[in-house]
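The values are calculated or read from the model by the stated rules, or taken from the named source; none is laboratory data. Model, not experiment: these values are computed from the prediction. Neighbour counts run over all protein chains shown; Cβ positions are idealised from the backbone, glycine included. All accessible areas refer to the heavy atoms of the entire protein, side chains included, with ligands and DNA or RNA removed. Shrake-Rupley method; radii C 1.70, N 1.55, O 1.52, S 1.80 Å.
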Amino acid sequence: MLKIGVLVSGRGTNLQSIIDSIESGGLKAEIRLVISDRKDAYALKRAEKHQIETLYINPGDYEKVEDFEDEMIKALKEKEVELVVMAGFMRILSPYFIKSFKNRIMNIHPSLLPSFPGLHPQRQALEYGVKVSGCTVHFADEGMDTGPIIIQAAVPVLDDDSEESLSARILEKEHQIYPEAIKLFAENRIEIQGRKVKVKERGVK
Ligand code: GRF
């Protein structure tokens, strides 16, 4: 069974969607640890409710980002984590962390990348005036929201959308595609070729 570690900073609805898919039997994986860089992240409460081990690491306690990351890496390796899932983790991982879990870190971003990377992608989409937006699950690399794309889902952008209404429409899709992408990984069906991800059919080696 695939051993997952989830990194969070906030409310944790994506974490919840992963927990729910595991509990309903759709996703054969085990969340070994949830790490937060914020003590008050509601995601920690969600994990605790499901008897999942949690760890809060205060970045302020470390002088160098690598030392903070080392603490995360140590905890993840101790739990034999095979896939790191960033679910609303509001920090950019340094190349040092990325190397420690090469091609084993996923992130979800609420836009159709490469459009609107970085902060407030839903606001960026509205301000730009696109008619379609969505979300992207990708592997994390050294850049910001630049790694190989695993799954994307699109939603319409409506004339009277606010940042909240568009975010809510996108979030619904996030909760579908994140567990799906993890499932592909768990089933060993993902092949990375350069910046492209090829998804293998079930049962094909
Ligand atoms: C999501 O929109 C995700 O795409 C982005 O941060 C948000 C996290 O939401 N990276 P939640 O904490 O999973 O509810």
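How large is the Kirkwood hydrodynamic radius of region 28-124, counting all unique pairs of alpha carbons, in Å? Mean inverse Cα-Cα distance, inverted, gives 14.7 Å. Shown here for region 38-134: chymotrypsin sites (Phe, Trp or Tyr not before Pro) in loop regions (DSSP other than H, G, I, E, B) with at most 14 other Cβ atoms within 10 Å, namely TYR62.
Each Lys or Arg adds one and each Asp or Glu takes one away; over the other residues whose Cβ falls under 12 Å from the Cβ of ARG11, this sums to +2. To the nearest 0.05, what FRET efficiency results for GLU127 and VAL65 with a Förster distance of 35 Å applied to their C-beta separation? Efficiency, rounded to the nearest 0.05: 0.70. The label point for MET1 and the one for LYS196, both projected 7 Å from the Cα toward the Cβ, are 3.6 nm apart. Each other residue within a Cβ distance under 11 Å of GLU187 adds +1 if Lys or Arg and -1 if Asp or Glu, for a net charge of +3.
Among PRO179, SER167, GLN193, whose Cα projects farthest towards the positive end of the dipole of region 108-205, with charges put on the beta-carbon of Lys, Arg (+1) and Asp, Glu (-1)? Result: GLN193, furthest along the dipole toward the positive end.
Test of understanding: in a Gaussian network model of the chain with alpha carbons linked when under 10 Å, which of ASN58, ASN14, ASN103 would top the mean-square fluctuation ranking? Residue with maximal mean-square fluctuation among ASN58, ASN14, ASN103: ASN58.
Within the chain, the proportion of C-alpha pairs whose separation exceeds 28 Å stands at 25%. Rg and Dmax of region 126-182, based on Cα coordinates, read 12.4, 36 Å. Please figure out what share of the DSSP beta bridges in the chain is antiparallel and state it in percent, rounded to the nearest 5. About 45 percent, rounded to the nearest 5. To the nearest Å, what is the center-to-center distance of region 28-51 and region 154-205, using C-alpha atoms only? Here the answer is 22 Å between Cα centres. A simple spin-label model places the labels of SER115 and ALA168 2.2 nm from each other, with each point 7 Å out along Cα-to-Cβ. Of GLU187, GLU48, GLU63, the residue with the largest accessible area leads and the full order is GLU63, GLU48, GLU187 (1.4 Å probe). Spin-label model, LYS45 to GLU180: label points 7 Å out along the Cα-to-beta-carbon direction sit 3.1 nm apart. Each Cα pair under 8 Å and six or more residues apart adds its sequence gap; the mean of these over the residue count of region 139-186 is a relative contact order of 33 percent.
Can you work out the FRET efficiency for the pair ASP20 and GLU142, with r the C-beta to C-beta distance and R0 = 35 Å, to the nearest 0.05? That gives a FRET efficiency of 0.65. Karplus-derived 3J(HN,Hα) values for region 116-133, using 6.51 cos²θ - 1.76 cosθ + 1.60 with θ = phi - 60°, are 6, x, x, 7, 6, x, 5, 5, 4, 5, 5, 5, 6, x, 5, 9, 9, 9 Hz; glycine and proline are entered as x.
Of all lysines in the structure, the ones whose alpha carbon falls short of 23 Å from that of LYS74, not counting any fewer than 8 places away in one chain, are LYS3, LYS39, LYS45, LYS64, LYS99, LYS102. Our summary gives the chain a relative contact order of 19 percent, counting only alpha carbon pairs under 8 angstrom and 6 or more residues apart. Carbon-plus-sulfur accessible fraction, the chain (probe radius 1.4 Å, protein heavy atoms only): 49%.
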